[in-house]
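The values are calculated or read from the model by the stated rules, or taken from the named source; none is laboratory data. Owing to the predicted nature of the structure, the values given are computational and were not obtained by experimental measurement. So basically every Cβ, Gly included, is an ideal-geometry build from the backbone, and we count neighbours across all protein chains shown.
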Amino acid sequence: MFKTDVLVIGGGPAGISAALSVAKFGLKVTILEEREFLGGQLIKQTHRFFGSREEHAGVRGISIVKELKENLSANDNIDVLLGATAMGIYEDGTVTMLYKGEVRKIIPKKTIIATGAFEKYLPFENNDIPGIFGAGAVQTLMNIYGVIPAEKVLMIGSGNIGLIVSYQLVQSGVNVQAVVEAAPNIGGYLVHASKLRRQGIPIKTSYTIKRAIGKEHVEGAEIVRLDENWNEIPGTEEIIECDSICLAVGLSPLYDLLSHSGCEMKYIPELGGNVPLRNENLETSVNGLYVAGDVAGIEEATAAMLEGELAGLDVVSKLIGNEEIQNEIITVKKALNSLRAGPTGIKIRNGISKLMNMETEKESIKNNMTDLSHLKKNGTPDTVNIESKLPDDSVLLKGGKAIIECYQGIPCDPCMHSCPFGAIIKFEDINDIPKIDFNKCTGCGICINNCPGLAIFVINKDHTDATSTVKMPYEFLPKPEKGSEVDVLNREGIKICDGKVIQILDGPKQDKTSVVTVEVPKAYYGEARNIRVVACDE
Amino acid sequence: MNDDKIIICRCEDVTLKEIRDIIAEGYTTIEEVKRIARTGMGPCQGKTCSQIIAREICRATGKKMEDLKYPEYRPPFGGVLFDEIIKGDPDEE
């Protein structure tokens, strides 16, 4: 029998953060992780995180997990059991686990459940033929085992997972034929959508998959348009050629263990399905049993880490309580609230309000005076959006200036912290949309690779009499070489002109997001937003 | 739509047609559908199919998703061999 002060079930971002916040007060923590390695979904996240600087914003998921693991091993109060499956929770708080082929009992004083989530499935004809994957499986194959799942993928779902996995597929050299989204608007962050569009990938909103084509393997897919009542519109069917269909249609909390414990659950679609009732410090209806991360309601890793910390701190306050902890709890709650406070947090806020039996809010446009309907439907901004970010010609003629094509209030602030000249006006709230003081902007481009949304470009309109330059982020292989000719693409990934690479920054500071300066004919500075490296004959 | 070719429960190979037929016979809870079709009794324990079945029940009966009762999970989570259970906890002799 194992005895421990606090048992944490699940070694992902929420579980690790919970363990760290408990152990730093000298309590003994045991983490059970079902797999042979820690990190949960973080170990597949090669993109930079959003959020605030205090919570790893701008850092890639794979680097965050490294840091978390270092902190774990530096703490003697934490025992990590890998390959340990929690099998059951019983009325008296006893937990059973399967570890090294033996069933063991653990009697903790408190338990924090951070088991994460499970991918949702979608009913369509032939939805069981080989070549149909969940997005998580695709990410595992690519980013853990280095195996590409297919050559031509159709992505179903435009939430952040669908958009991010699509982008990673393109980085691996896979063709993403389209992203299909049943809702009328793109679900994920619009900067992620724009990144994909610049690769020439269409995002088809108000479309759904009707059937997979193929017998032994996926050979294609039939998609169909939906009307405003989500009914298929006959005659709008299209065949997409693909050898794989990737489902990114949402997650639901993995709540088996909560069910064992008799914890009260409630169905909240905004949070992914059945979620446990809990108080604001994440203790469930079962005394001493806490939740953190996706199992408490589907959100993202930054929120999961904060929830882990919050649950951990509350556990400590119950076990050894002191004043200092109460202050820390308040700080973490503030950070969580601000993460959820913006226009994109409305779903989470409403889900939590429903769970707590509080009033829900209507979607308001107060944070967004600009009309984003075109961007939300297509992933590309309209001309009004674009012009709203461009300064007067008099400014553009003074040398390079950063143009931040970020239109949606998302919880993200690394750009503001990255500018050494204070040209990105200080945010009042983490969900603010960045604004530039062009008098201070020197066009250095440091912000470009600090933007997790890859939404910043530096334009020097008057490079020569006939040409302008555009500095842009670039995350694909092969990297262009200085002096080489490249195809210059617009926001839809369509070639608009030839260009010449005149500079490439690709050092440790860029951390694999190269900053490429391309010289283009003057007429194209407003449109040139991506490049394609042209294969040279050798 | 050919609902005979739409798999709802991957573990037990149950199609949308079978689910709809069972609901049409009057079995309108997730638990009843589970007992007849075995949906939710395979390795994933209903994580894939439950919400889809719930939606089908709501479609047929007009009930709301939040009003449906989901089957409870019981220990053990995941697969365990009898041998592993019989051996017991090595610390408890």
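Picking from residues in region A:72-92 that are in a strand (DSSP E or B) and of a type in the set (A, V, I, L, M, F, W, C), the one that is surrounded by the fewest Cβ atoms within 10 Å (Cβ to Cβ) is A:Leu82. Of the residues A:Gly499, A:Gly483, the single one that is assigned to a loop (DSSP other than H, G, I, E, B) and modelled with pLDDT of 95 or more is A:Gly483. A:Tyr189 fulfils the conditions (1) away from chain B (no Cβ under 14 Å); (2) touching a Lys or Arg at 6+ places or on another chain (Cβ under 7 Å) except for a single criterion, (2).
For region A:93-133, the tally of residues that are assigned to a strand (DSSP E or B) and either within 30 Å of the chain's Cα centre (by Cα) or more than 8 Å from every other protein chain (Cβ to nearest Cβ) (or both) stands at 17.
If A:Val295 meets every condition in (1) away from every other protein chain (no Cβ under 14 Å); (2) part of a helix (DSSP H, G or I) apart from one, which number is that one? Among (1) away from every other protein chain (no Cβ under 14 Å); (2) part of a helix (DSSP H, G or I), A:Val295 violates only (1).
Entry remark, region A:376-416: residues being farther than 20 Å from A:Asn185 by Cβ and more than 20 Å from the chain's Cα centre (by Cα) number 16 in total. Might you check whether a residue that is touching a strand residue (DSSP E or B) at 6+ places or on another chain (Cβ under 9 Å), at pLDDT below 95 and not in a strand (DSSP E or B) occurs anywhere in region A:5-16? So far as region A:5-16 goes, no, none of its residues is touching a strand residue (DSSP E or B) at 6+ places or on another chain (Cβ under 9 Å), at pLDDT below 95 and not in a strand (DSSP E or B). In the set (1) over 30 Å from A:Glu33 (Cα atoms); (2) in a loop (DSSP other than H, G, I, E, B); (3) within 11 Å of chain A (Cβ to nearest Cβ), the condition left unmet by B:Thr28 is number (3). Checked against the criterion of being modelled with pLDDT of 95 or more, touching a Phe, Trp or Tyr at 6+ places or on another chain (Cβ under 6 Å) and either farther than 23 Å from A:Pro473 by Cβ or surrounded by 20 or more Cβ atoms within 10 Å (Cβ to Cβ) (or both), the candidates A:Ile209, A:Ile213 yield just one match: A:Ile209. Of all residues in region B:46-93, those being surrounded by 17 or more Cβ atoms within 10 Å (Cβ to Cβ), facing another protein chain (nearest Cβ under 7 Å) and touching a helix residue (DSSP H, G or I) at 6+ places or on another chain (Cβ under 7 Å) number 4. Against the conditions (1) of a type in the set (S, T, N, Q); (2) within 19 Å of A:Pro123 (Cβ to Cβ); (3) within 17 Å of the chain's Cα centre (by Cα), A:Gln171 satisfies every one except (2). The set of residues in region A:69-90 being without any contact (Cβ under 8 Å) to a residue 12 or more places away in the chain and among the polar types (S, T, N, Q) consists of A:Ser73 alone. Among the residues of region A:244-279, just one is more than 11 Å from every other protein chain (Cβ to nearest Cβ), assigned to a loop (DSSP other than H, G, I, E, B) and buried (at least 19 other Cβ atoms within 10 Å of the Cβ), namely A:Ala248.
Those strands (runs of 3 or more DSSP E) of region A:171-225 in which 1 or more residues are over 11 Å from A:Leu154 (Cβ atoms) and touching a residue at least 60 places away in the same chain (Cβ under 8 Å) occupy A:203-205, A:207-213.
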